Amino acid sequence: MPGPRQEYLDAFHEDDVFTPGTPASAHAADAYASVTDWSDGPAAGLRSDGVDDDDTHPTGPPAPGKGAKGRTFTGIAAAAVTTVLAVVVAGQVADGRGGADAQSQSQSATDQARDVRDSASRADGRALAPEPGAAPLTYDEKMGRTYPLGAKLKGSGKFDAVPGIAEAPGTGQKFTYRVDVEQGLGLDAELFAEAVHKTLNDQRSWAHDGARTFERVYSGRPDFVITLASPGTTADWCAKSGLDTTVDNVSCDSAATDRVMINAYRWAQGSRTYGDKIHAYRQMLINHEVGHRLGYGHVTCDKDGGLAPVMQQQTKFIDHDGIHCLPNPWPYPGS
């Protein structure tokens, strides 16, 4: 094919319309940036051994035209693009390649990229970003979903306290707590904090009959720190109290420290014993481990067909010794 005519070259020399611009997404903020940084040391008052599509309308007059030379250039550019497209289409017809084949190759590349991204998310605990334009999920919808997080993930060991307070709603004995989330998990820290507060202050929980009430604080020295951490970090903190959580990948109340440890793998993925009832399982996790902090030990159900007590190790088993039990997340389920 002969080379381009000189007037084409002269026209394009003025302004290269094919130079790509920087996409807006390149300037987007990191969706997983930490909202606070507690890595320089423990929170005030905490014991040293406790540390672990733009839809705006255009305004103003339209931009002025570039004049005759600009219009001439535009016409030349359009002709050039049309010529290139005609050559490409002709080449595809000559080679027997249609649009479906090209689309298939493009889709294959997209799928491979998605597989790489999803694999990384499942391996290191990074959550997938929400689909653009999707409606925000409600609390119940979020609590009804599982999230990708590796069963053998070992996190940074550094924590961020969830900002803000949630006042105690009752008048009973008040317990204060802080919510810490390990950095880099990619899980919704505010959802976790909301779930803790709603669960503990439910009348079916330890706030039953107004006996207790729970208040989330952000600073000072709380009665305990409920902590969402990777399996590896959970194991480290539980070992401080002589507890081994590695056998069944479970959570614990690390009684020798200020931390009630919630294993992020269990929080994200649930357990076989609860199946797809992930919301109820998360409530059980909170109630069970805080129950230990309040002084309650392990028990099991003793009636066939009855509810398992919340202090039964329900992540590990529901039925035992020939007795069939039902999953139960509440200390006082009949309330």
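The values are calculated or read from the model by the stated rules, or taken from the named source; none is laboratory data. Model, not experiment: these values are computed from the prediction. Don't worry about glycine lacking a Cβ; one is built from the backbone with ideal geometry, like all the others, and counts go over all protein chains shown. Areas reflect the complete protein model, heavy atoms only, side chains present, ligands, DNA and RNA absent. Shrake-Rupley method; radii C 1.70, N 1.55, O 1.52, S 1.80 Å.
A few points about this structure:
- Residue within region 292-315 that is part of a loop (DSSP other than H, G, I, E, B), in contact with a helix residue (DSSP H, G or I) (Cβ under 7 Å, 6 or more places away or on another chain) and among the aromatic types (Phe, Trp, Tyr) present: no
- Listed by first and then second residue, the pairs linking a residue in region 301-315 that is farther than 18 Å from Gly291 by Cβ to a residue that is of a type in the set (Asp, Glu) and surrounded by 21 or more Cβ atoms within 10 Å (Cβ to Cβ), with Cβ atoms under 9 Å apart and 6 or more places separating them unless they lie on different chains, form an empty list.
- So Trp330, is it open to solvent by less than 30 Å² (accessible area, probe 1.4 Å), assigned to a loop (DSSP other than H, G, I, E, B) and touching an Asp or Glu at 6+ places or on another chain (Cβ under 8 Å): yes
- Residue match in region 191-207 (condition: touching a Gly at 6+ places or on another chain (Cβ under 6 Å) and more than 14 Å from Val290 (Cα to Cα)): no
- Complete set of residues in region 126-155 that are at pLDDT 95 or above, over 25 Å from Leu200 (Cα atoms) and out of contact with any Phe, Trp or Tyr (no Cβ under 9 Å at 6 or more places or on another chain): Pro148, Lys154, Gly155
- Lys316 meets the conditions (1) open to solvent by 50 Å² or more (accessible area, probe 1.4 Å); (2) over 30 Å from the mean Cα position of the chain (by Cα); (3) within 26 Å of Arg259 (Cβ to Cβ) in every case but one. The failed one is (2).
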